[in-house]
Ligand code: UD1
Ligand code: CA
């Protein structure tokens with residue numbers, strides 16, 4: 001394969017974001033905006049990806065390092081003198097390695113761009129004799145974009161920025177510049193070297209390489225791109241719109257892969273879902289979440305960094321974070337799995353049950369109203385309604401261990417550190433402060449007394465007291 005460099009311009013401040021975070025790191029469907037253009041370049045077969053950074057460069061470099069693991073280089077544009085200057089800084093990173101190399105330059109603030117969009121222009125360049133190929137796009141509202149100026153023979157002769165438009169005829173042009181440029185490396189380096197800042201903003205414009213080429217009598221060839229490639233993000237309104245489109249795209253990908261996704265569900269780019277899973281209305285799946293085959297995620301459930309095995313059911317409005325859920329498990333409705341909850345196969349956790357840093361072995365159950373913090377629950381153990389693992393003494397956290405087949409009666413408190421042995425039985429309402437041996441019964445509550453025929457006497461006395469009080473008023 002021919003060697004191909006991508007230069008992605010991402011040094012700008014993004015003033016209109018009004019954010020301390022650099023524009024290209026603003027999140028879209030769970031990843032920074034810049035992730036998508038960089039990924040598109042790699043997927044398009046670029047063996048060298050150069051990102052031009054400036055504002056917030058430390059954060060941007062750190063992200064690119066961690067996300068793309070050395071497959072991306074960065075160069076710094078110290079002052080933002082325009083897209084032409086940024087491209088020049090990027091091209092300088094090629095050094096002498098320009099022979100036989102094709103370069104695609106594009107902007108880092110267009111999150112909806114995909115490898116296919118870049119390939120389209122790369123292939124168009126290859127198929128033509130022209131030294132420069134660009135994408136073009138016809139849109140209903142061209143405001144704000146650079147316009148494609150063509151001569152009488154329909155040849156591209158310039159790109160004119162909105163502020164530099166000369167007359168109403170030019171303003172009416174609906175063919176605009178989405179911002180993908182492909183040229184041979186040595187040609188590009190020379191072309192960028194000739195740019196000057198004679199324009200409304202006093203900047204070096206990347207777009208000027210077009211007019212200069214045309215004036216030299218060189219061909220510039222345009223190819224029609226999809227409308228989505230030009231969707232640039234400059235403020236948070238556009239950020240929202242980009243995310244909406246991204247979510248739609250992600251949803252369609254899963255649907256084509258055999259996943260049912262219902263209206264209003266939001267799935268981050270990083271989420272993986274296996275075949276025949278159902279993701280119901282308003283469910284939100286984020287981060288490193290993986291949903292197993294045939295698993296149902298109910299209405300309004302929120303899963304962040306959660307791995308769920310096959311055939312599980314996450315019922316409505318459950319909130320799960322940094323946890324694992326086994327095959328065929330049933331969670332919710334209204335369960336809360338906090339970080340480091342590890343639920344094995346066939347576990348049932350029901351409504352208003354909160355777990356934190358707790359392991360529940362296969363087939364164990366906590367069906368109603370419980371707090372299980374710092375616990376280890378054995379196979380098939382049954383935890384009754386209202387059970388609390390008292391894990392915190394005000395200073396330290398302690399572990400509650402429930403061994404296999406144990407039964408914890410409703411409304412019990414287990415004051416950790418404490419162990420309930422295998423098959424043991426804790427009677428309802430017991431406060432367990434000492435270990436319970438295997439197969440033992442633990443019961444700690446005052447004995448009940450029944451006074452026969454006493455209830456009516458009690459009522460009579462209370463009525464008399466009430467009448468007395470009324471008389472005295
Ligand atoms: C640019 C194009 C315009 C096109 C539009 C498409 C130019 C002069 N104009 O305009 O024709 O229709 O994109 O979205 O190229 N950047 C730097 N360094 C700089 C300036 C910008 O790295 O000195 C980066 C920005 O971070 C951004 C990208 O280049 O990611 C585009 O810059 P921006 O100022 O947004 O250009 P537009 O006005 O949108
Ligand atoms: Ca822009």
> In segment 194-207, what residues are over 37 Å from the mean Cα position of the chain (by Cα) and either within 11 Å of residue 84 (Cα to Cα) or buried (at least 22 other Cβ atoms within 10 Å of the Cβ) (or both)?
Replying inline: 194, 195, 196, 197
> For segment 194-214, what are the residues that are more than 13 Å from ligand 1 (Cβ to nearest atom), touching a residue at least 24 places away in the same chain (Cβ under 8 Å) and either out of contact with any helix residue (DSSP H, G or I) (no Cβ under 7 Å at 6 or more places or on another chain) or outside any helix (DSSP H, G or I) (or both)?
Replying inline: 214
>> Being over 25 Å from residue 116 (Cα atoms) and either more than 20 Å from the chain's Cα centre (by Cα) or within 12 Å of ligand 1 (Cβ to nearest atom) (or both) is the requirement here; does residue 58 meet it?
In response: yes
> For segment 65-84, which residues satisfy the criterion of being in contact with a strand residue (DSSP E or B) (Cβ under 9 Å, 6 or more places away or on another chain) and within 14 Å of ligand 1 (Cβ to nearest atom)?
Replying inline: 74, 75, 76, 77, 78, 79, 80, 83
>> Among the residues of segment 243-264, are any closer than 18 Å to residue 30 by Cα, within 16 Å of ligand 1 (Cβ to nearest atom), surrounded by 14 or more Cβ atoms within 10 Å (Cβ to Cβ) and in contact (Cβ under 8 Å) with a residue 40 or more places away in the chain?
In response: yes
> Across segment 22-31, which residue is farthest from ligand 2 (Cβ to nearest atom) among those that are under 21 Å from residue 305 (Cβ atoms) and in a loop (DSSP other than H, G, I, E, B)?
Replying inline: 30
> Across segment 176-193, what is the number of residues that are away from ligand 1 (no atom under 11 Å from the Cβ) and surrounded by 13 or more Cβ atoms within 10 Å (Cβ to Cβ)?
Replying inline: 11
> Can you tell which of 219, 269, 280 is more than 30 Å from residue 322 (Cα to Cα) and away from ligand 2 (no atom under 16 Å from the Cβ)?
Replying inline: 219
> Out of all the residues in segment 437-451, is one or more within 29 Å of residue 339 (Cα to Cα) and exposed (fewer than 10 other Cβ atoms within 10 Å of the Cβ)?
Replying inline: no
> Just checking, how many residues over segment 136-171 are within 39 Å of the chain's Cα centre (by Cα), surrounded by fewer than 17 Cβ atoms within 10 Å (Cβ to Cβ) and away from ligand 2 (no atom under 16 Å from the Cβ)?
Replying inline: 3
> Can you name every residue in segment 147-170 that is farther than 28 Å from residue 41 by Cβ, in a helix (DSSP H, G or I) and either modelled with pLDDT of 95 or more or within 14 Å of ligand 1 (Cβ to nearest atom) (or both)?
Replying inline: 163, 164, 170
> Filter segment 5-18 for residues that are in a loop (DSSP other than H, G, I, E, B) and within 14 Å of ligand 1 (Cβ to nearest atom); which is nearest to the chain's Cα centre (by Cα)?
Replying inline: 14
> Is at least one residue of segment 290-304 part of a loop (DSSP other than H, G, I, E, B), out of contact with any strand residue (DSSP E or B) (no Cβ under 8 Å at 6 or more places or on another chain) and farther than 25 Å from residue 244 by Cβ?
Replying inline: yes
> For segment 217-234, how many residues are within 11 Å of ligand 1 (Cβ to nearest atom) and surrounded by fewer than 16 Cβ atoms within 10 Å (Cβ to Cβ)?
Replying inline: 1
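The values are calculated or read from the model by the stated rules, or taken from the named source; none is laboratory data. Computed from a predicted model, the values in this text were never measured in an experiment. In this analysis, Cβ positions are derived from the backbone assuming ideal geometry, glycine residues included, and neighbour counts consider all displayed protein chains.
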